[in-house]
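One structure is given below, encoded as structure tokens.
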Amino acid sequence: MRGAVLAPARICRTSRLMPIPARIEDDLPFLTELRRDLHAHPELGFEEERTSGIVARLLEGAGIKVHRGLGGTGIVGTLQVGDGTRTIGLRADMDALAMPEMAERPHKSKYAGRMHACGHDGHTTMLLGAARYLAATRDFSGTVHFIFQPAEEGRGGARRMVGDGLFELFPCDAVYGLHNMPGLAIDEIAVVEGPQLASSDSWRVTFRGTGTHGAKPHLGKDPITAAGTFLTSLQTIVGRIVDPLQPAVVSACSLQAGSPKALNVIPDTVEIGGTARAYSPDVRDQLEEEIGRLAKGTAAMFGIALNYQFERRIPPVINDSNATARALGAASAVFGEKVRTKFPPSTAGDDFAFFGQNAPGCYVWLGNGPAADGALHHNTAYDFNDDAIGYGAAYWAMLVERELKAAL
Ligand SMILES: [Zn+2]
Ligand SMILES: [Zn+2]
């Protein structure tokens, strides 16, 4: 943060109606400066050296035990207080996106082609704010792991942390996630049981026939005609097979065959690829099976060979009912009646799902105010709203203090 030129924090204390602890309020100028510094120095997945260095130093400065380098650049801070045996994990993501920041602002990205366009700078800051508060007040009994993950944006940071032994080294009875949401007011939060984000999987179908002269199709096996049949049937999976009350998406997004320079050649192969999205493990299984079944049937019909691959990338994020009830209690204590218990799930994915597979979890949507200039997540003008920092940090702190209640 040294040398950073920062505009005054957008803090309006008088407008705050909700109980943000005074100690967090007092920390807001520091946290706002930190957030803007992180915004100005975005780092891509698994390259968060500077960011994770700052995270580790601040945690250690607060007296929190730090484990570095889990899942590459991941950090876990552990704060144990009293003799309570319950342990919970709180997750923040640290990475930025490979895209340019186009809006002018004092804390604009200093790096071409890198930008905090999803607000992970805010997520990191809010969890640090809660950690500093909890380490100072110590008004709970149990253990909290502050999990700062790398590479949420499609590079597999959560999976790698889990693979590197996150839950063996730091077992958790419950794990919690949070994402900012433009469109919800900053004093609003959505805490909803059940599906929050879709699974995000990739599939590939290769039809292998026998290439031949375009004028003599009877001497070969044409994979292009087979591909056409497959593609026109593909939407029958969602339309005719998946339960109409269960959301699902199957999209073909890539099609490669032959050459536009050889219009008299039937090629040997056609490669098709796409994405599949679902909100339940059952529908996810169904999509994998049905895309393959359709491809196999089509290949059999045309007498050609098939290669089918379904790559499970990210599971759906599904909020556990007990964890959601506890998150709701904490959210209500901070946001009062501004808590929403109904909010539409997102068709995007979040690899927090890998944490949720290892411990009952709850992922909430924290208000980030109106989308300034219409800039939503992953927009070149997006900026995390600093007015949300106090609310997010207060939610995390309240969740810990309520779930790990100090003995009377
Ligand atoms: Zn994102
Ligand atoms: Zn994000």
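The values are calculated or read from the model by the stated rules, or taken from the named source; none is laboratory data. Just so it is clear, the structure is predicted and the values come from calculations on it, not from any experiment. Cβ sites come from the backbone with ideal geometry, for glycine too, and all protein chains shown count toward neighbours.
Report, by residue number, each residue of the stretch 53-89 that is assigned to a helix (DSSP H, G or I) and out of contact with any helix residue (DSSP H, G or I) (no Cβ under 9 Å at 6 or more places or on another chain).
If the condition is that a residue be assigned to a helix (DSSP H, G or I) and out of contact with any helix residue (DSSP H, G or I) (no Cβ under 9 Å at 6 or more places or on another chain), then 53, 56, 57, 60 are the ones that fit.
Hey, could you check the stretch 107-130 for residues that are more than 14 Å from ligand 2 (Cβ to nearest atom) and either among the charged types (D, E, K, R) or not assigned by TED's automatic domain parsing to the domain that holds residue 45 (or both) and say which is surrounded by the most Cβ atoms within 10 Å (Cβ to Cβ)?
114
Tell me the residue from 187, 164, 201 that is closer than 30 Å to residue 67 by Cα, surrounded by fewer than 23 Cβ atoms within 10 Å (Cβ to Cβ) and charged (D, E, K, R), please.
164
Suppose the filter is β-branched (Val, Ile, Thr), within 25 Å of residue 276 (Cβ to Cβ) and surrounded by fewer than 24 Cβ atoms within 10 Å (Cβ to Cβ); does residue 341 pass it?
no
If I filter the stretch 149-164 for residues that are away from ligand 2 (no atom under 12 Å from the Cβ), over 16 Å from residue 46 (Cα atoms) and in contact (Cβ under 8 Å) with a residue 24 or more places away in the chain, do I get at least one hit?
The answer is no; no qualifying residue exists.
Residue 174 is checked against (1) within 20 Å of the chain's Cα centre (by Cα); (2) aliphatic (A, V, I, L, M); (3) more than 20 Å from residue 81 (Cα to Cα) and fails just one. What number does that condition carry?
Condition (3) is where residue 174 drops out.
Is there a residue in the stretch 362-375 that is away from ligand 2 (no atom under 16 Å from the Cβ), crowded, with 24+ Cβ neighbours inside 10 Å and within 16 Å of the chain's Cα centre (by Cα)?
yes
Inspect all residues belonging to the stretch 376-392 and state whether any of them is more than 21 Å from the chain's Cα centre (by Cα) and part of a helix (DSSP H, G or I).
Looking for residues that are more than 21 Å from the chain's Cα centre (by Cα) and part of a helix (DSSP H, G or I), one finds at least one in the stretch 376-392, hence yes.
Given (1) surrounded by fewer than 21 Cβ atoms within 10 Å (Cβ to Cβ); (2) not in a strand (DSSP E or B), where does residue 133 come up short, assuming only one miss?
(1)
Select from the stretch 268-303 the residues that are of a type in the set (Val, Ile, Thr), in a helix (DSSP H, G or I) and under 14 Å from residue 238 (Cα atoms) and write down the one among them that is nearest to the chain's Cα centre (by Cα).
Across the stretch 268-303, the extreme among qualifying residues is 283.
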